Amino acid sequence: MATTKTTPKPTKRATTGGSAPKGFTAEEKAAMRERVRELKAEAVKADGEAEAIAAIAKMQEPDRAIAKRLHTLIKAAAPGLAAKTWYGMPAYTKDGDVICYFQNAGKFKVRYQTLGFSDKAQIDDGAMWPIQYALSKLTATEEAKITALVKKAVR
């Protein structure tokens, strides 16, 4: 008895609303291009601090004001962190690992800025803890919280 070989038919992708997935947004594509540029700059030992400051300078207000203040707070709280850009955003590293980063609202057209921490940050608190914080403005209260978080992240 001879066996016949069948060719599997491609599966159809189920979508909602009858439209195909859109893929990456223009902002996401730009962030990926920026990351490629950053990797090339790192390979030639570019000045990460200057890159981060230039990224902050390109931001629109109020993003720029918050990013400048955040940069100052992070550098004061953890002088050992090195500044650089990460997907076009200011980021702060320890031993080459991103510890925290700032995402400006204008970059992805969202309503607030974000301070985020990577898995390399030592901010664990029990079995569950936040790793991103929305920022709409910086008061003394928020600045104190950020300073404490950054110090904890690098302990």
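The values are calculated or read from the model by the stated rules, or taken from the named source; none is laboratory data. None of the values given here were measured: they were computed from a predicted structure. Using ideal geometry, Cβ is built from the backbone for each residue, glycine included, and neighbour counts are taken over all protein chains shown. To get the accessible areas, we keep the full protein, side chains included, count just its heavy atoms, and leave off ligands, DNA and RNA. Shrake-Rupley method; radii C 1.70, N 1.55, O 1.52, S 1.80 Å.
For this structure, a couple of remarks:
- Any hit, the stretch 56-68, residues being modelled with pLDDT under 95, surrounded by 10 or more Cβ atoms within 10 Å (Cβ to Cβ), β-branched (Val, Ile, Thr) and touching a Phe, Trp or Tyr at 6+ places or on another chain (Cβ under 9 Å): no
- Pick from the stretch 123-135, criterion under 17 Å from the mean Cα position of the chain (by Cα) and part of a loop (DSSP other than H, G, I, E, B), ranking: surrounded by the fewest Cβ atoms within 10 Å (Cβ to Cβ): Pro130
- Flag for Lys29 being basic (Lys, Arg), open to solvent by 70 Å² or more (accessible area, probe 1.4 Å), at pLDDT 80 or above and more than 23 Å from Lys94 (Cα to Cα): yes
- Residue tally, condition more than 14 Å from Ile74 (Cβ to Cβ) and not in a loop (DSSP other than H, G, I, E, B), over the stretch 136-147: 2
- Test result for Ala105, closer than 30 Å to Ala26 by Cβ, open to solvent by 20 Å² or more (accessible area, probe 1.4 Å) and among the small types (Gly, Ala, Ser): no
- If you go through the stretch 136-154 and keep only what is touching a Phe, Trp or Tyr at 6+ places or on another chain (Cβ under 9 Å), open to solvent by less than 80 Å² (accessible area, probe 1.4 Å) and either farther than 17 Å from Tyr101 by Cβ or without any contact (Cβ under 8 Å) to a residue 24 or more places away in the chain (or both), you end up with just Glu142.
- Qualifying residue in the stretch 104-115 (condition: in a loop (DSSP other than H, G, I, E, B), farther than 24 Å from Val36 by Cβ, out of contact with any Cys (no Cβ under 7 Å at 6 or more places or on another chain) and among the polar types (S, T, N, Q)): no
- Positions within the stretch 60-81 being of a type in the set (A, V, I, L, M) and part of a helix (DSSP H, G or I), in sequence order: Ala65, Ile66, Ala67, Leu70, Leu73, Ile74, Ala76, Ala77
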